[in-house]
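First up is the structure itself, then whatever we jot down about it.
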C-alpha cells in the first residue's frame with residue numbers, strides 16, 4: 001500500500017524535479033512560490049523565520065526547502081499522540097561536498113520557547129541514520145550516525161537524475177518506536193527514551209536543498 005502511494009507521488013514529481021535542476025534559491029524567488037500557510041521555521045540558534053538565506057516554499061506536491069542555518073519546520077496544528085505512523089518522502093538535491101542530515105521531528109512541544117523539546121530521525125548523503133532527542137538547549141544522541149544499506153546515497157543515483165529519493169517512516173507503539181527507510185526497518189528504540197506525543201514536522205541541517213512531498217500521519 002505504501003509502495004503504491006509512493007509511486008503515485010513520484011509520478012507527480014516528474015515535472016517539478018525537472019524544473020528544479022537549477023539552484024532552489026533562484027526558483028524560490030518567483031512570486032507564485034509562498035511559504036506554506038500555518039507553518040513556522042525555527043533555527044537552532046533560536047531565530048524564527050530563517051532569514052534571507054532560508055527558503056521554505058509550497059511547491060505541489062509538497063514543499064521545497066533550502067537551508068542556510070540548521071532549522072526545524074512545523075505547523076503547530078499538526079500533531080500526533082498515542083500510537084501512530086509518521087511518514088515523509090524526501091528528495092535530496094546536489095549536496096556538493098557536504099554530508100548534512102535531514103528528516104523528520106516528532107513529539108515536539110514548546111517550540112516557541114527556550115524549553116523546546118522534540119525527537120528527530122535524520123538521514124544523510126552517505127547512507128547513515130541518526131536518532132536524537134532535544135530538551136531545551138541540550139541534545140541527547142539516542143542512536144548515533146549508523147550506516148544503513150536501506151538509505152540511498154547520493155552516489156547511488158543515476159547519472160542523469162537531479163535528486164536521490166528516500167522515504168522515512170516512524171511507527172510509535174505503546175512500548176517502542178520503530179524507524180524505517182524505504183520500507184526497511186533500521187532501528188527500534190524504547191518509547192521511554194524519546195519524546196513521542198506532540199507536534200510533528202521536518203528538520204534540515206545547514207546548507208541542504210530538499211523537496212519533501214508531504215508529512216503524513218496515520219493511526
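The values are calculated or read from the model by the stated rules, or taken from the named source; none is laboratory data. Please read these numbers as outputs of a predicted model, since none were measured by experiment. Neighbour counts are summed over all protein chains in view; Cβ atoms, including those assigned to glycine, are modelled from backbone coordinates with ideal geometry.
Some observations on this one:
- Contacts under 6 angstrom Cβ, first residue in segment 201-216 being without any contact (Cβ under 8 Å) to a residue 40 or more places away in the chain, partner assigned to a strand (DSSP E or B) and surrounded by fewer than 23 Cβ atoms within 10 Å (Cβ to Cβ), 6 or more apart: none
- Against the list (1) in contact (Cβ under 8 Å) with a residue 40 or more places away in the chain; (2) over 15 Å from the mean Cα position of the chain (by Cα); (3) farther than 25 Å from residue 154 by Cα, the condition residue 110 fails is (1).
- Exactly one residue out of 91, 73, 56 is free of Cβ contacts under 8 Å to residues at least 24 places away in the same chain, part of a strand (DSSP E or B) and within 18 Å of residue 207 (Cβ to Cβ), and it is 56.
- Residue within segment 196-219 that is at pLDDT below 95, assigned to a strand (DSSP E or B) and touching a helix residue (DSSP H, G or I) at 6+ places or on another chain (Cβ under 9 Å) present: yes
- Among the residues of segment 71-94, those identified as buried (at least 18 other Cβ atoms within 10 Å of the Cβ) and under 14 Å from the mean Cα position of the chain (by Cα) are 71, 72, 73, 74, 86, 87, 88, 89, 90, 91, 92, 93.
- The set of residues from segment 131-144 being under 23 Å from residue 42 (Cβ atoms) and touching a strand residue (DSSP E or B) at 6+ places or on another chain (Cβ under 8 Å) comprises 131, 132, 133, 134, 135, 136, 139, 140, 141, 142.
- Residue check, residue 186 part of a strand (DSSP E or B), at pLDDT 95 or above and surrounded by 18 or more Cβ atoms within 10 Å (Cβ to Cβ): yes
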